[in-house]
C-alpha cells in the first residue's frame with residue numbers, strides 16, 4: 001500500500017506532499033492542475049517496482065523506471081516534465097508497505113534516470129490504471145501501435161491495461177469472496193459480461209444466451225466489464241493498487257454510484273484505490289461512503305497555485321466542483337427573480 | 001407591515017402582503033391544515049413564502065417528513081388563496097390586500113427560506129422540492145420554486161425590504 005508521496009517540480013506541481021493516504025483516495029481540481037500527473041507518477045513508480053525482478057528479466061530497476069516514465073508520460077526528453085521556469089530538479093519520493101524509493105533528475109536528463117535510491121522489496125501484486133477513455137474496442141490498435149510501431153499515442157496506462165486483459169484469460173476456481181461478490185454486482189449492472197476470443201483477438205459482450213459484437217456495446221458497459229474482467233482473470237489481488245481516472249466518464253450517475261460501492265468492497269478486501277474526478281456525484285458518493293463505512297477518504301483538491309488535503313469523513317470541503325454547482329444554483333435564482 | 005418569522009423580519013407595504021397564516025379564513029379552515037407564512041407581491045411577482053430557522057440533514061430520517069411538510073404547506077396555501085380569489089363560500093370573508101386580489105397575468109414563485117443554511121446544503125432541498133412541485137408548477141403555471149437562506153433572501157429584497165414593490 002502506498003503510504004506517502006512527495007513530488008517536487010513535477011509538471012504543474014512545484015511541491016506536493018501527501019501523507020494521509022488511505023485505502024480510497026480522491027483527487028479533484030480543474031483541468032491541468034496535476035490530478036492525472038499525480039496518478040501517473042504514483043503508477044509509474046509502483047508499477048516499476050512490480051515489474052522489477054519478475055521472472056528472468058535482468059533489467060535494473062533504474063532501467064525499468066526510466067522506460068516506464070518514458071512510455072507513460074510520452075515526452076521526448078524527461079526534462080520536459082520539470083516545472084517550467086524552475087532551476088530545481090524534478091524529485092519524487094514514495095513510501096509504501098514494501099519499501100521506499102526516491103529518484104530525481106535535472107534539466108540535462110533526456111531519457112535515463114540515474115539518481116535512484118530504491119529499497120522496494122519484490123512485489124507479486126499487479127497494479128493497474130484505468131484511463132478515462134475506453135480501451136476494449138481499441139485493444140488491437142493499442143497493441144499494434146506499441147509493439148509493432150513503437151509509437152507514441154497510447155501510453156503505458158493503456159498498454160499495460162490492454163495486456164492485463166488480453167494476456168490473462170479468465171480463471172476458474174475460488175476467487176476472493178468480495179471479488180466474486182463484486183463480479184456478481186458488476187454483471188448485474190450491465191446484465192452480462194465481456195468475453196475475449198484469444199484466437200481472433202475479438203471482444204464480445206455476452207448477455208444471457210445472446211452474444212453482441214463489442215462495437216455495438218455502450219462505453220459504460222465496456223467500463224464496468226473491464227473491471228469485471230480484471231477481477232475474473234485474477235490480475236487484481238488484494239495487494240493491488242487501482243488508479244481510476246474519471247470513473248464518471250461514460251457512466252450514468254446511478255451506475256457510477258453502484259461502481260463506487262463495488263470499489264468500496266474491493267478496498268475493504270485490500271485493494272488501494274486512487275480516483276481522479278470532475279464529478280459532483282463522485283465526491284458526494286465518496287463522502288457518503290466515508291460516513292457510512294467510517295472510512296478515511298482523503299480528498300486532494302488541486303488548483304493552479306496550490307493544493308489542499310482534507311478527509312471526506314469530516315465533510316465535503318469547499319472545492320471547485322461544489323462551487324460550480326452553487327454557482328449554477330445562484331444563476332437559477334437570478335433567472336427566477338428576473 | 002413587519003412579520004417576524006423564524007427569527008427573520010419581513011417588511012412590506014400592507015397592500016402587498018397577505019399574512020395567510022394569521023388570516024381569518026385560515027383560522028376557520030383549521031390549524032391542523034398546514035399553511036405557509038405569507039403571500040407577498042414583490043417586483044410584479046406573487047410569492048408564497050415559508051420560513052424556517054433550520055432544516056434537517058438529508059441523511060437523517062426526518063428529512064423526507066420535513067420535505068413533505070413544506071410541500072403540503074405551500075400546496076395548501078396555493079389552494080386556499082385560489083379559493084378566496086374564486087369566491088369559495090368560506091364563512092369568514094377575507095379581504096385581500098389591494099395588490100394581491102388577482103393572480104391574472106402575474107408570475108408566481110414559491111419560496112422556502114431557511115435562515116441558517118449554507119448554500120451547498122440548500123441545493124439538495126431545492127432539487128427534491130422542485131421534483132415534488134414539478135406537476136403543480138406545470139398545471140398552475142408556477143414560474144419557480146426556490147430554496148434560499150437569509151443572505152440570499154435579503155439580496156432579493158425579501159427581508160428588510162423597503163424597496164419599490
Original post:
Looking at the stretch A:304-338, which of its residues are touching a residue at least 24 places away in the same chain (Cβ under 8 Å), within 18 Å of residue A:39 (Cβ to Cβ) and away from every other protein chain (no Cβ under 14 Å)?
Top reply: A:307, A:309
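For the stretch B:51-147, give me every one of the helices (runs of 4 or more DSSP H) that falls completely inside it and has 1 or more residues that are within 13 Å of chain A (Cβ to nearest Cβ), buried (at least 17 other Cβ atoms within 10 Å of the Cβ) and at pLDDT below 95. Talk me through it step by step, then tell me what you get.
Numbers: elements: B:63-85, B:119-132, B:134-140.
Passing ranges, in order: B:119-132.
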**OP:** Kindly provide the set of residues from the stretch A:175-211 that are more than 17 Å from residue A:235 (Cα to Cα), in contact (Cβ under 8 Å) with a residue 12 or more places away in the chain and in contact with a strand residue (DSSP E or B) (Cβ under 9 Å, 6 or more places away or on another chain), ordered by number.
**Re:** A:187, A:190, A:191, A:192, A:202, A:203, A:205, A:206, A:207, A:211
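Could you count how many residues in the stretch A:299-313 are touching a helix residue (DSSP H, G or I) at 6+ places or on another chain (Cβ under 9 Å) and within 18 Å of residue A:15 (Cα to Cα)?
5
Yes/no per residue for (1) buried (at least 18 other Cβ atoms within 10 Å of the Cβ); (2) at pLDDT 95 or above; (3) at negative phi:
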site: A:126; (1), (2), (3): yes, yes, yes
site: A:136; (1), (2), (3): yes, no, yes
site: A:139; (1), (2), (3): yes, no, yes
site: A:153; (1), (2), (3): no, no, no
site: A:157; (1), (2), (3): yes, yes, yes
site: A:166; (1), (2), (3): yes, no, yes
**OP:** Quick one: which residue in A:292, A:268 is more than 16 Å from residue A:132 (Cα to Cα) and in contact with a helix residue (DSSP H, G or I) (Cβ under 7 Å, 6 or more places away or on another chain)?
**Re:** A:268
**OP:** Hey, can you tell me all the residues within the stretch A:27-47 that are in a helix (DSSP H, G or I) and within 16 Å of residue A:10 (Cβ to Cβ)?
**Re:** A:35, A:36, A:37, A:38, A:39, A:40, A:41, A:42, A:43, A:44, A:45, A:46
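Residues that are surrounded by fewer than 19 Cβ atoms within 10 Å (Cβ to Cβ) and within 14 Å of another protein chain (Cβ to nearest Cβ): list the helices (runs of 4 or more DSSP H) wholly contained in the stretch A:209-303 that include at least 1 such residues. Talk me through it step by step, then tell me what you get.
Details: elements: A:219-232, A:253-269, A:280-293.
Result: A:253-269, A:280-293.
State yes or no: is residue B:157 within 14 Å of chain A (Cβ to nearest Cβ) and outside any helix (DSSP H, G or I)?
Working: within 14 Å of chain A (Cβ to nearest Cβ): yes; outside any helix (DSSP H, G or I): yes.
Taking the combined requirement at face value, the residue satisfies it.
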**OP:** Any chance you could count how many residues in the stretch A:304-328 are buried (at least 17 other Cβ atoms within 10 Å of the Cβ), assigned to a helix (DSSP H, G or I) and touching a strand residue (DSSP E or B) at 6+ places or on another chain (Cβ under 9 Å)?
**Re:** 2
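The values are calculated or read from the model by the stated rules, or taken from the named source; none is laboratory data. No experiment lies behind these values; they were computed from the predicted model shown. Quick reminder, even Gly has a Cβ in these numbers, built from the backbone with ideal geometry, and neighbours come from all protein chains shown.
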